[in-house]
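Derivation of every value follows stated rules applied to the coordinates shown; laboratory data play no part. Not measured: the values here are computed from a predicted model. Cβ: placed from backbone, ideal geometry, glycine included. Neighbour counts: every protein chain shown.
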Amino acid sequence: MKNIDSYTHTRGESVYLDDIPTLTGTLYGMVFGSPLAHGKIIHLDISEAMVSEGIVRILTYKDIPGKNQIGGIVPDEPLMAEDEVHYNGMPVAFVVATSVEAAAAAVKKIKIEIDPLPVITNPRVAKANGSLIVPPRTFKIGDINKAFAECKYVIEGTAETNGQEHLYIETQGAYALPAENGAIKVYSSTQGPTAVQRHMADVLGIPMHRIEVDVTRLGGGFGGKEDQATPWAIFCGLASFLLKKPVKYSLHRMEDMRMTGKRNPYTSDYKIGLDQHLNIIAYEVEFYQNAGASADLSPAVLERTLFHTTNSYFIPNVTATAYSCRTNLPPNTAFRGFGGPQGMFVIESAIAKAAEHLGISASVIQQKNLVKTGDEFPYGQIIESEAKVCWDKLHDLNDIKKLEIEIADFNKKNILYKKGISFMPICFGISFTKTPMNQARALVHIYTDGSINISTGAVEMGQGVNTKMIQVAASIFSISPDWIKLNSTNTYRIANTSPSAASATADLNGRAVQVACEALLERLKTIAAESLQCSVTDVEIKEEIIFINGQSADMSWKDLVMAGYLKRISLSEHGHYATPGLHFDMSKEKGHPFAYHVFGTALTSVTVDCLRGTYEVDAVQLVHDFGTSMNPMIDKGQIEGGLVQGIGWMTMEEIVFDEQGRLRSNALSTYKVPDIYSVPKNIDIHFLDTQNDNLAIFKSKAVGEPPLMYGIGTFFAIRNAIKAFNPDSNIEYAAPMTPEKVLLGLYNTKND
Amino acid sequence: MTQFILNNTEIKTSLPKGLTMLDFVRYHQHLMGTKIGCREGDCGACTMLVGTLEGEVVKYHSVTSCLMPLGNAHGKHIVTIEGINLEKLNIVQQAFSDNAATQCGFCTPGFIMSLTGFCLDDKIPTNENAIDAVNGNICRCTGYKSIEKAAVSVSYQLQERAHANPIEFAVKNNIVPEYFLNIPSMLKNIQPVVYSGSEIKKVGGGTDLYVQQHDTITHEKIDFLLNQSQLKGIQQNGNICTMGGATTVSEISDSPVFNEYFKDLNKYIKLVSSTPIRNMATVAGNFTNASPIGDLTILFLALDAQLQLNDGNSTRNIPLRSFYKGYKQLNKNEKEIIEKISFELPSASDLFNFEKVCKRTHLDIASVNSALSIKMNGAVIEKAGISAGGVGPIPMYLSKSSEFLFEKTVSEKLIFELIEVVQSEISPISDARGTVKYKRLLLSQLIKAHFIQSFSHIDVNKLLKN
């Protein structure tokens, strides 16, 4: 089934935040952000701005009726700065004017005097200063000290990954309308409507039931609108609440890039130990996460790094410690993979370095150590593994030996160009690691004409979740999807939602839709049985016709619904689902946090231009564990998009902050994401269809985040090509692999 | 008063001519299908089509409307996504829908417009041309493979067009509505505007000014140069090529003269911004913006182009090589515009090459770019011009390096000696596009690349293993 939005998308008729028709009298807001990354506010002068044309009001923290606090995990983030600023761009005031132009002109007239304090951008410096967001966490299995003593090979090193700008093409924004009795309706481009509702309630000092958050769809999210959509919605809500006027704020791209957090950069130290058979028997790692100025989601990101410390490998002795370091950058946040990719890059670097030390291909070590069903991960969960099946299927599809010979041959014959390949196995746990978040609800109404309206907590942001919700209902009722409409996500219809995140949205909300539809179906079958005088178990609906014991009864879907109404049964149902079997004990750092894992392996081949230091990804072939995909077209799109986003993170996407904490890559002209020419020439996706029962919706495994990590393979393939040109290259394990790093890597020497 | 046709409607507006077309259609016409992604021409979400009457036919090209001033719309047919929608999806829309080439959908209208523009163009419908049509559109969701498939499907469906008129074909095949056939006669009724030439602010294509000054330029008094007929056209006189200052990059790329004399022209042009930007960006604009990494500036510096400046009363000629006095400082007064650019076309035995490296190969600003032009006399270099961008405060003509090559024979040794001279002439700084160390190394590599591209006898092994 095609994405249900494809008709309106291709006609420009889909409605995003900035497309909502504005009401007469709408005012426009804009944030005044701190010009410095750290300091004490001496004086804020809004006098000149206040007399600026079209200005209505300038809000500061003093105008907040409730709490000046929007921190989700840790209450450490004010909506607006009070006496200190902690990052460049931190909101200090909110200007409200009659037009966007007037607001922008007034923002320029605000003056602030700040007594500067030292700026820290490096997480290791923050750690040394004892500046941590939360206490460090350690995941442990076995005894590394004993194991390292038994290792034949022990390799140590450092690995680094930079941040990543989400670059959803639709920037952040919100539009708030005052409602009667002191209530607020806010349209928000958010992945987490409940987070907006909860924090707005705190800031306004009113109960959650007065705040209606409505989300039609997002022009991309990727984690960047999970927690970070909240402030803009609250700014509009606050202004609207105080002024009793509609207030809108749709951020300019440069405001968005400057003021919002990105994927957490990491720098990590590792030590890996192998026995003589190349089994990895010990792994010790310390992760330094650059959290930015406040917690945001960083502690949860940190946790997922620990969960994915060993990627797709079984290592019996592991000690992994992670530090969430407070720096003077915008609060970093969720981004597809949520700390998992950062952890996986380190183990892959460790394996690559070990392989280099041993003079073998990294794939030998990778293959040897793939996790098997029944193995235990450091956090205690016993694994049902598809790692080896994926790896083997990829090898069945290719003659790897031959490929390696061809590449060696090409590299021998060519000096201007060198080729490199790499394998990237992945293993990604599905569920929110915070167990209570693994719940969802769906509201299903059947109208007397047989048409159906469904509301869930899922936010559509391009991942096709609404299409999947319709598929669930259509399949359970056995009716055409044309009967079913998906509503916007709204906190008045569905309460206490978890954000659309963690790849779990279709699973959780799909299961809730399933629960609701099955209850309705049962009720309708009872009606059919009564009216056709048979037993409920004899009734079946097939393609909108009611069948009794396989025989078509003279009753359509529409007839049945009307019969139900006349019999006064409820044609509405509110389904609730909570993933069974999940638990995790933080005091022991052990448990069963994931409903299941997703596996896969990618083979990446690249060509490096050794004259210019540029490169092309020739092909990525991968075998991915879809379970039983309920929508191969949508799921394939997620794989391709995730892969390319991962390649971007590993190659051209370079976030540059200067030492003063100013973002230098603050626009699309200085921050480059993949374009149509820079993606792999071939992406070849093979479905690993497994019939094993799992907790996914219709056994169709979650597909949002895992493919991003295939992109990590590109880093290592380029590195291998560089090494083919310059075996002595001292190129570091530091992503992204920009053309600058490649060229310097091609021509540096060990003495550099 | 600005007058044009927006989709099927005649527009007469007295709104400020400096307003962007993007803001005009979204916030004044309430046509919300055109999206805002970056406001600097780097994402293509705001792509629309501009139709220009050429004789009896209207030629369409795509533009990023965030960089297009209302003033440049005068006398044009402006097409937004609302203006192509029929009851059923057209072949482009259908191909996107069939191939799952739309996920969040926010970039989609831009892609649809770029490819619909391709359907209205008389370019041969090859797969490569179809993909080039969307090279200014960024998608963050799909990874582009599904979009490639959609583009290829569109080009396949255009095969049957053969030599038919693209607009008539598009109307007949429900790619665009029937009203497109009435546009030529509607456009004929609009009188051209002659600008006074007295305003201080002058805008060509706007592709750089609207990035730098988007929030202040709207209400300025502007002379719009892009469509001034005396600033258009590419002519050849003997071995001299002369073009108007408002010649766009696309016009160069389509020019028979340029294509005849520069065999790798398309390779160079493909490295310069993107299709919709090239459709607006002018040569004179690139020169006067004085960016130290202006691609066309670097290209024409090596060719020793001559500029004819006009202040409204008189003209004077200066070489491009003496146009730059310092960072963003020009040898030009406020009233002067670049009216004409001329240069000597390379002869068959002359050599020319342009190189550019950036973080992303396409639609990016160079870390370093460079061009080399060489006139040979047998085995000896008679005359050479080397230019380089991103290695100093201005787009640099490397005069010592160029002179160094005089009467030299090309060898690996010579190239290494040349590189030393080049290094002595440049003064790069570290910025978001690279460190000093990188830019120096990169320029050396690009110098090598020039010779590898131009001289087959060069031993690449000797050049690469230094």
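Points to keep in mind about this one:
- Links that overshoot a 22 Å alpha carbon limit, given the list A:Lys418/B:Lys465; B:Lys359/B:Lys413; B:Lys408/B:Lys462; B:Lys267/B:Lys465; A:Lys723/B:Lys462; A:Lys225/A:Lys434: B:Lys359/B:Lys413; B:Lys267/B:Lys465
- Cβ-based net charge around B:Glu382, under 14 Å, with every Lys or Arg adding one and every Asp or Glu removing one: -2
- Under the simplified labelling scheme, the A:Asp45-B:Glu199 pair shows an inter-label distance of 3.5 nm, with each label point 7 Å from Cα along Cα→Cβ.
- For the range A:708-713, the Karplus equation 6.51 cos²θ - 1.76 cosθ + 1.60, evaluated at θ = phi - 60°, returns couplings of 4, 6, 4, x, 4, x Hz by residue, with Gly and Pro reported as x.
- Computed from the Kirkwood radius of its Cα pairs, the Stokes-Einstein diffusion coefficient for the range B:35-178 at 25 °C and 0.890 mPa s stands at 162 µm²/s.
- Counts of other chain beta carbons within 10 angstrom of each beta carbon in peptide A:548-556 average 0.
- With all projection directions averaged, the alpha carbon convex hull of chain B covers 22.6 nm².
- Amide proton proximity set for B:Leu330, modelled H, under 5 Å, gap of 5+: B:Lys325
- Neighbourhood charge, 9 Å Cβ-Cβ cut-off, centred on A:Gly575 and excluding it, Lys, Arg +1 and Asp, Glu -1: 0
- Residue-by-residue Karplus 3J(HN,Hα) for the range A:350-355, coefficients 6.51, -1.76, 1.60, Hz, glycine and proline x: 4, 5, 4, 5, 4, 5
- Within 10 Å of each Cβ in B:34-41, the average number of Cβ atoms from other chains: 6
- Sparse-neighbourhood loop sites, trypsin sites (Lys or Arg not before Pro) in the range B:293-384 - DSSP loop, at most 15 other Cβ within 10 angstrom: B:Lys328, B:Lys335
- In the calculated pair-distance distribution of the protein assembly as shown, the portion above 46 angstrom amounts to 37 percent of the Cα-Cα pairs.
- Under-5 Å amide H pairs with A:Gly39, H placed in peptide plane, nonlocal only: A:Val85, A:Leu117
- Kirkwood estimate for the range B:91-176, i.e. one over the average of 1/r between Cα atoms, Å: 12.7
- Going from the residue with the fewest nearby Cβ atoms within 10 Å to the one with the most, B:Arg26, B:Arg161 rank B:Arg161, B:Arg26.
- For A:Thr435, A:Thr505, B:Thr218, A:Thr24, the sequence from fewest to most other C-beta atoms within 10 Å is A:Thr24, A:Thr435, B:Thr218, A:Thr505.
- Label point 7 Å beyond Cα of A:Val154 along Cβ direction - residues of the range A:303-317 with amide nitrogen under 15 Å: A:317
- Every pair of different Cα atoms in the range A:316-465 enters the Kirkwood calculation, which places the hydrodynamic radius at 20.5 Å.
- Estimated FRET transfer efficiency (B:His28, B:Lys375; beta-carbon r; R0 60 Å; 0.05): 0.65
- Restraint check, B:Lys76/B:Lys232; B:Lys328/B:Lys383; A:Lys353/B:Lys437; B:Lys202/B:Lys332; B:Lys263/B:Lys437, Cα-Cα greater than 21 Å: B:Lys328/B:Lys383; A:Lys353/B:Lys437; B:Lys263/B:Lys437
- Exposure proxy shown here: for B:Tyr195, A:Tyr747, A:Tyr175, the number of other Cβ atoms within 10 Å sets the order, fewest to most, as B:Tyr195, A:Tyr747, A:Tyr175.
- Here the 3J(HN,Hα) profile of the range B:124-132, calculated from phi with Karplus coefficients 6.51, -1.76 and 1.60 at θ = phi - 60°, is 4, x, 8, 4, 4, 5, 5, 5, 4 Hz, Gly and Pro shown as x.
- Per residue of peptide A:733-741, the mean number of Cβ atoms on other chains within 10 Å of the residue Cβ is 3.
- According to the Kirkwood relation over distinct C-alpha pairs, the hydrodynamic radius of the range A:9-121 is 15.8 Å.
- Environment charge of A:Glu406, counting only residues whose C-beta is closer than 14 Å and scoring Lys/Arg +1, Asp/Glu -1: +2
- Distance between the range B:229-283 and the range B:1-47 - C-alpha centres, whole angstrom: 27
- For the pair A:Ala495 and A:Leu243, a Förster radius of 22 Å applied to the C-beta separation gives a FRET efficiency near 0.20, rounded to the nearest 0.05.
- Other-chain or far-sequence residues with amide H under 5 Å of B:Glu40's (modelled H): none
- Trypsin sites (Lys or Arg not before Pro) within the range B:190-224: DSSP coil, no more than 12 neighbouring Cβ in 10 Å: B:Lys221
- Sites counted here are GluC sites (Glu not before Pro) in a DSSP loop (not H, G, I, E or B) having no more than 13 other Cβ atoms within 10 Å; the longest part of chain B that contains none of them is B:88-333.
- Of the DSSP H helices in chain B, those that are both long (alpha-carbon extent of 24 Å or more along the helix axis) and hydrophobic (Kyte-Doolittle mean at least -1.0) are B:436-454.
- Note on A:Val15/B:His219: beta-carbon distance plugged into 1/(1 + (r/R0)^6) with R0 of 35 Å gives a FRET efficiency of 0.70.
- Hull volume in cubic angstrom per residue (convex hull over the Cα atoms of the range A:439-578): 101
- Share of alpha-carbon pairs per 5 Å distance bin for the range B:228-464, given as whole %: 1, 7, 14, 19, 20, 18, 12, 7, 2, 1, 0, 0
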